Structures are given as C-alpha cells and as structure tokens.
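Before any comments, here is the structure.
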Amino acid sequence: MSVGYRAVQWNRAKLRYDGILLAGVALYIGIFLLIAHRLDPPKDLPAAIDLRIRAFGSCAFIMLTVILSIGPLARLDRRFLALLYNRRHFGVLTFLIALTHAAFMVEWFAVQDALPNLYDELTRTSDYAKFIGFPFKALGLAALVLVFLMAATSHDFWLTFLTPPVWKSLHMAVYLAYGLLVMHVALGIMQSDRSPLIPAMLVIGVAGVSVLHLIAGWRERAAASASRCSATAARSARSPISAPIRTGRSARAASSTAV
Ligand code: HEM
C-alpha cells in the first residue's frame with residue numbers, strides 16, 4: 001500500500017497564518033521603501049534597486065530570526081505553539097524573500113551592464129584569504145542554498161523519505177545559514193554603511209535567539225530534575241521498608257526533596 005501525499009494541506013488556520021505572514025512581509029517592505037525614499041530619494045535606477053535589495057535582505061534576515069525564536073518560545077509558553085504549527089510555510093516564504101533579494105542584486109549589476117564584475121567578484125580566489133574584503137556575496141549565496149534545501153524538503157514526504165534523524169540534521173543547518181548571514185552582513189554592507197541599525201539588527205537577532213535557547217534549555221533541565229526528584233520521593237513513600245537501605249544518588253535525591 002502506498003502513502004498518498006498532498007502538495008500542501010490547506011485548512012482555515014493555515015490560510016489565516018499565511019495571510020498574516022504575507023501582510024506582515026508586505027507591510028515591512030512597504031514601510032522600509034517608503035521611509036528610505038522619503039529620507040534619501042534614489043538618484044538613479046541602480047540606487048532604487050539597491051533600496052529593494054536592502055528591504056528584501058533585511059526582511060529575510062528578520063524572518064529567519066523569528067523562525068529560530070519560535071522553537072524555544074513554544075517550549076517556554078504553549079501559546080506560541082500556534083506559530084510553530086505552520087513554521088514550514090514561514091520557512092518557504094523566507095526563502096522566496098531571500099531569493100528576491102538576490103535577484104535584485106543580479107538586476108543591479110545587469111542594469112549597469114556589469115554582470116562580468118559580479119562573476120569576477122565571486123571567483124577572485126585571492127579575496128577569499130582576506131577578512132575585510134572577503135567576497136561577502138558568496139556567504140549570502142551559501143546561506144541561500146541552505147535555506148533552499150530546507151524549504152525544498154519541508155514537506156512530510158521528505159521527512160519520511162529521508163528518515164527523521166537525517167531530516168532533523170539537515171534542518172539544523174538553519175543555524176549554520178544564520179551564522180553565514182551574520183558574516184554576510186558584517187563583512188558586507190556594515191563595512192560601508194555606518195548606520196547603527198545594521199549592527200543593532202545583528203546583535204538583537206543573535207542575542208535574542210541565543211538567550212531564548214538558553215532559557216528554554218535551562219527551564220527544561222530544571223523541570224526534568226524536579227520530576228526525577230518527585231518520582232524518587234514518591235517511590236520512597238510507597239516502599240518504606242526499602243527506604244533505609246538506599247544508598248548513593250537515590251538516597252541523596254530523596255533527602256533533598258524532604259527538606
Ligand atoms: C538567505 C539569503 C540572504 C539573506 C537573508 C540576506 C540578507 C542580507 C541583509 C540583511 C543585508 C543587509 C541589508 C541592510 O540592512 O541594508 C544584505 C545585503 C546584501 N546582500 Fe544579502 N542576503 C542573502 C543572500 C544574498 C545573496 C545570495 C547575495 C548575492 C549573491 C546577496 C547580496 C547582497 C548584497 C550585494 C548586499 C548589500 C546591498 C547594499 O550594498 O546595499 N545576498 N543581505
């Protein structure tokens with residue numbers, strides 16, 4: 001018997017989730033472009049495309065930060081399970097926004113008849129030995145490939161086909177992608193643009209995701225050790241005859257819960 005898979009299983013909750021997601025993305029990009037055009041109107045077409053590169057790039061980075069925060073948030077508070085529920089669509093949309101960012105970048109070179117410069121930048125091997133001057137676009141490209149692999153395998157078919165441990169390992173690469181993106185921004189735009197908003201985006205993103213993971217892990221360890229202690233105490237209470245001859249860890253655990 002074969003298992004049937006549907007490309008996407010839509011339901012009311014997923015449609016609402018996706019609607020809110022799309023509205024949020026449209027709002028962010030719209031507001032970004034509006035403010036950027038008001039503050040410093042682009043002088044020519046490449047400058048206008050550059051603003052789109054930045055709007056879509058920062059949007060994808062923020063979306064990836066939210067994706068990485070949903071897991072620990074759902075472990076800390078069950079109300080966030082609603083966000084976890086459709087995280088796959090979030091991931092696919094993030095890939096599409098990042099792809100648009102990269103496509104605008106190609107357009108930026110194309111409208112200036114400078115596509116060979118892009119090729120040169122990516123293939124000048126001596127630059128890969130530098131820190132400042134590293135071809136930061138290659139870091140973005142590597143992250144984009146990883147995000148694509150995750151988006152392409154986000155369906156249940158791939159979970160079954162690859163087996164859960166392999167699928168899980170592949171999807172853990174999202175942390176590698178995030179690290180590559182931090183370097184993509186730090187070695188790229190941050191070297192030429194002195195706006196404090198860019199380092200702020202990186203610091204808040206990395207610190208926020210790390211702190212959430214640490215708190216969720218710490219809470220789970222504390223809850224697991226509390227439940228181990230109460231199970232030991234319950235066993236001791238049920239079998240009073242064996243209690244006096246307990247030694248080692250169980251004796252210590254039992255005595256600690258008796259305080
Ligand atoms: C997952 C994929 C990617 C993400 C999330 C991403 C994210 C970002 C972010 C956040 C910025 C800084 C925008 C700002 O705050 O102003 C940026 C800049 C930039 N990215 Fe990416 N990027 C990705 C992939 C790529 C790829 C594949 C390329 C090209 C091969 C690329 C080329 C650029 C360029 C040229 C800039 C600088 C734009 C400027 O000088 O104004 N990115 N990217």
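Derivation of every value follows stated rules applied to the coordinates shown; laboratory data play no part. The structure displayed is predicted, hence computed values, not measured ones. No Cβ is skipped: glycine too gets one built from the backbone with ideal geometry, and neighbour counts run over all protein chains shown.
See the values below:
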read-out: Extension reserve of the Glu220-Ala237 stretch, reckoned as 0.36 nm per residue once the Cα distance is removed; value: 3.6 nm
read-out: Rg/Rh for segment 12-231, where both radii come from Cα atoms and Rh is the Kirkwood radius; value: 1.01
read-out: At least 20 Å along the helix axis (C-alpha) and Kyte average at least -0.5, DSSP helices within the chain; value: 12-39, 45-76, 87-110, 136-152, 164-187, 197-238
read-out: Sum of -39500 (n - 2.57) over DSSP H runs of 4+, divided by residues of the chain (222 nm, nearest 500); value: -26500 deg cm²/dmol
read-out: Residues of segment 59-73 with amide N under 19 Å of a point placed 7 Å along Cα→Cβ from Leu159; value: 67-73
read-out: In nm, spacing of pseudo-spin labels at Arg12 and Arg194 (7 Å Cα→C-beta vector); value: 5.6
read-out: Cα-Cα over 32 Å, subset of Lys14/Lys168; Lys14/Lys137; Lys137/Lys168; value: Lys14/Lys137
read-out: Approximate spin-label separation Val145-Ser210, in nm, with each point projected 7 Å along Cα-to-Cβ; value: 2.7
read-out: Residue of Arg219, Arg38, Arg87 that the Gaussian network model of the chain assigns the largest fluctuation, springs spanning Cα pairs under 10 Å; value: Arg38
read-out: Qualifying chymotrypsin sites (Phe, Trp or Tyr not before Pro) in segment 8-104, DSSP loop, other Cβ atoms within 10 Å at most 13; value: Trp10
read-out: Gap separating the Cα centres of segment 78-93 and segment 11-69, nearest whole Å; value: 19
read-out: Most mobile listed residue (Ile67, Ile215, Ile35) in the chain, GNM with C-alpha springs under 10 Å; value: Ile35
